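As structure tokens, the structure follows; a few thoughts come after it.
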Amino acid sequence: MSKRQFKLLNALQLKKFRKQHQSFVVEGEKSVVETLKSAYQVEELFCTLDFADKHATLLSKASNTWVVPETDLKKASYFQTNNSSLAIVGIPASSSPPKLPPNTYGLVLDGIQDPGNLGTIIRIADWYGMPQILCSTDTVDLYNPKVIAACMGSFLRVEVFYVDLSTHFQAVDQAPLYGAFLDGHNLHEWSFPQQSGYIVLGNESKGIRDYLQPIIHEKITIPRFGEAESLNVAMATAVICDHVKRSGAK
């Protein structure tokens, strides 16, 4: 790998350079293979000879493919475990979120800051078949390397949008919002209506902020049985998504 390539890969760790180059990095065999099979444009593929032989039919999906030593991959990688492939991928043009299909739920994230949490939430949405996540503009960047790693390819199947949440839900989409609070309806005694709607989850330390609370239709709560002060936001997402499915909604 050239010095220019190493420099670019290092720069793409930062949001300002991802925005400048309109590119991000995907690492690891599973995620790279899924990306090559997707509609995303793979601009540069760096891989070992073993990867190239194993996935020869996919190499033409990349604009440029470079077979490189494993030592180069480890040097360029953001993580310690990547020893097969790494791709520079184009960021798709931004678009407005479509309305949810009938009887389908999506997620709304208000100020999520931890990349691991966002990546895990995207993976949970994928597991439960939720097609869409709307994020506040200050939520951590989807294309942060830690987000991409944590979601394990689920970003390819779940659409993630960044919008002004207050404006969007007052002027564009009047779908009902169900917010996760500590003082809402007990999930064990309440069911989600069989209609389209969004589950709102707030910042890791502050929860759902005041500006959104007036447009929340119902507050919901995961009942607590022990002494823990709170649940991790990704854990809470999984519990609530499971309850949505148990309620019969999509």
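The values are calculated or read from the model by the stated rules, or taken from the named source; none is laboratory data. If you're wondering where the values come from, they're calculated on a predicted model, not measured in any experiment. Backbone-built Cβ (ideal geometry, glycine too); neighbour counts: all protein chains shown.
Annotations for the structure displayed:
- Leading residue by the ranking (surrounded by the most Cβ atoms within 10 Å (Cβ to Cβ)) among those in the stretch 201-250 that are of a type in the set (Gly, Ala, Ser) and over 17 Å from Ile112 (Cα atoms): Ala249
- Looking only at residues of the stretch 132-171 that are in contact with an Asp or Glu (Cβ under 6 Å, 6 or more places away or on another chain), without any contact (Cβ under 8 Å) to a residue 40 or more places away in the chain and not in a helix (DSSP H, G or I), we find that the one that is nearest to Lys16 (Cα to Cα) is Ser136.
- Screening Lys250 against (1) under 16 Å from Tyr105 (Cα atoms); (2) outside any strand (DSSP E or B); (3) at pLDDT 95 or above; (4) in contact with a strand residue (DSSP E or B) (Cβ under 9 Å, 6 or more places away or on another chain) leaves a single unmet condition, (3).
- From the list Thr120, Thr104, Thr65, Thr81, the one residue that fits, being within 28 Å of Glu44 (Cα to Cα), of a type in the set (Val, Ile, Thr) and at pLDDT below 95, is Thr81.
- Test result for Phe24, touching a helix residue (DSSP H, G or I) at 6+ places or on another chain (Cβ under 6 Å), modelled with pLDDT of 95 or more and assigned to a helix (DSSP H, G or I): no
- Considering (1) within 20 Å of Gly153 (Cβ to Cβ); (2) of a type outside the set (A, V, I, L, M); (3) in contact (Cβ under 8 Å) with a residue 24 or more places away in the chain, the lone condition that Lys54 does not fulfil carries the number (3).
Here is a yes/no grid of residues against (1) buried (at least 18 other Cβ atoms within 10 Å of the Cβ); (2) within 18 Å of Pro115 (Cα to Cα):
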position	(1), (2)
Ser31	yes, yes
Ser38	no, no
Cys47	yes, no
His55	yes, no
Asn64	no, no
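- Which listed residue, of Gln194, Gln174, is touching a Gly at 6+ places or on another chain (Cβ under 7 Å), assigned to a loop (DSSP other than H, G, I, E, B) and farther than 26 Å from Val32 by Cβ: Gln194
- Top-ranked residue of the stretch 154-186 - restricted to ones that are among the hydrophobic types (A, V, I, L, M, F, W, C) and exposed (fewer than 15 other Cβ atoms within 10 Å of the Cβ), ranked as nearest to Thr104 (Cα to Cα): Val172
- Scanning the stretch 34-79 for residues that are of a type in the set (Val, Ile, Thr) and either part of a loop (DSSP other than H, G, I, E, B) or out of contact with any strand residue (DSSP E or B) (no Cβ under 8 Å at 6 or more places or on another chain) (or both) turns up Thr48, Thr57, Val68, Thr71.
- The set of residues in the stretch 1-29 being closer than 21 Å to Pro69 by Cβ, loosely packed, with under 15 Cβ neighbours inside 10 Å and within 17 Å of the chain's Cα centre (by Cα) is empty.
- Unique residue being of a type in the set (D, E, K, R) and in contact (Cβ under 8 Å) with a residue 60 or more places away in the chain when the list is Arg18, Arg4: Arg18
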